[in-house]
Amino acid sequence: MAKKVIRQILLIYLTTTGIFLTIFFALWYQKLYEELVVLKGATLRENHRNIVISILNSRFTPIDISAKNIAQSTALKFAIFDAKKIVFSNIDFDLRKAKIELKGRGICDNKVFFLAPMSADH
């Protein structure tokens, strides 16, 4: 009888410990994941700003040609699109199928992407 009670107490202890550790590590993982995306997003925002400024500085060149020149010279993967169509894209995943999460930043095929309006203010 005593062994049965000890087993039940041990089973309850191990179950609750497992549940709490699972919750703790899931929350910890999500926090680190979001920090990683934010860190990667900072670099992407700087690249975004540089691309926009380069396109604005070459205002007499069409946007798609200017973007193609920037992509060739910097080896950056980016896309420029409006509400109706994709103006330029050299990325290797479909933007229409990309999952947007984390406040405008997202992950698609283990790649971080960043959506932002085309202005030099950001």
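The values are calculated or read from the model by the stated rules, or taken from the named source; none is laboratory data. Everything numeric in this text was worked out from a predicted model, so none of it was measured. Cβ: placed from backbone, ideal geometry, glycine included. Neighbour counts: every protein chain shown.
Of the residues making up region 64-80, those that are touching a Ser or Thr at 6+ places or on another chain (Cβ under 7 Å) and over 17 Å from ILE53 (Cβ atoms) number 1.
Within region 18-51, the set of residues being modelled with pLDDT under 80, of a type in the set (A, V, I, L, M) and surrounded by 13 or more Cβ atoms within 10 Å (Cβ to Cβ) comprises VAL37, VAL38, LEU44. May I ask you to list the residues in region 19-77 that are of a type outside the set (A, V, I, L, M) and not in a helix (DSSP H, G or I)? Residues satisfying the conditions are SER58, ARG59, PHE60, THR61, PRO62, LYS77.
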